[in-house]
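Here is the structure we will look at.
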Amino acid sequence: MINHDEWLIVGLITSPQGINGKIKIKSLSDFEERFTEPGKRWIQKGNETPIEFELTHGFKKPGKESFIIKFKGINNRTQAENLKGQKILVKVDAIPKLSHGEYHLTELINLNVKISENNQLHIIGKVINLSNEKNNLLVIQLLKNNKEVLIPFVKEIVPVVDIKKNFILLTPPSGLLEL
């Protein structure tokens, strides 16, 4: 099983591209260089041990959030097809430094979720996952009913992120937590 202190999922292999072993990637990263700059990457199937691959080159598809990449040793469509659905990982120590107020989404996993009621903060749930379909969404499991809700990760709804104190503050619009 992956130790989240060691690995970061940066992309998903969606399909082969052409007949020469190129692969189409759905990016889960804000850093394009993860798919364009040569170097070590790891591919993981399910919860198996990640396997090291050498990225030789890649480019972003114009107007898309996907990339076409080439790994050393993947030379035909069949080999590329066998990687479909697998995750692309990098070592956590390869995470680029961010500016103040920016967060790697994996830092948000397991943070308590608080809201303010009657001028007091109450824990209502925990961040359990992330979804990155065009917009960054936090998957929050509510304490009161174990229901999972998707919360847009925008300043208006998540005005406070305190990694050191292990919580985020929500100011959800009416009805958002009941969806």
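The values are calculated or read from the model by the stated rules, or taken from the named source; none is laboratory data. All of these numbers come straight from a predicted model, not from anything done at the bench. Cβ coordinates were reconstructed from backbone atoms using ideal geometry, including for glycine residues, and neighbour counts include every protein chain displayed. The area values use the complete protein model at the heavy-atom level, side chains included, leaving out ligands, DNA and RNA. Shrake-Rupley method; radii C 1.70, N 1.55, O 1.52, S 1.80 Å.
Would you work out what percent of the accessible area of the chain, with all protein chains in place, is carbon or sulfur (probe 1.4 Å)?
49
Relative to the Cα centre, what is the charge dipole magnitude of the chain, using +1 at the beta carbon of each Lys and Arg, -1 at the beta carbon of each Asp and Glu, and rounding to the nearest 20 debye?
Its charge dipole is roughly 540 debye.
Obtain the nm distance between the two label points defined at E37 and T78 by a simple spin-label model: each point lies 7 Å from its Cα along the Cα-to-C-beta direction.
Inter-label distance under the simple model: 3.6 nm.
Could you bin all the Cα-Cα distances of the range 134-179 into 10 Å bins starting at 0 and give me the percent of pairs in each, rounded to whole numbers?
Percent of Cα pairs in each bin: 24, 57, 18.
Between L111 and residues 5 or more places away or on another chain, which pairs have amide H atoms under 5 Å apart, with H built 1.01 Å from N, and which residues are they?
For L111, the qualifying residues are V127.
Which label marks the calculated value of Kirkwood radius over Cα pairs in Å, given the options (1) 17.9; (2) 16.8; (3) 24.8?
Working out Kirkwood radius over Cα pairs in Å from the coordinates points to (1).
Whole-Hz Karplus ³J(HN,Hα) for the range 108-125, in order, using 6.51 cos²θ - 1.76 cosθ + 1.60 and θ = phi - 60°, x for Gly and Pro?
8, 4, 6, 6, 5, 10, 10, 10, 9, 10, 6, 6, 10, 8, 10, 6, 10, x
Hey, what number do you get for the chain at 222 nm if only DSSP H runs of n ≥ 4 count, each worth -39500 (n - 2.57), divided across all residues, to the nearest 500?
Helices in the chain give a 222 nm mean residue ellipticity of -1000 deg cm²/dmol.
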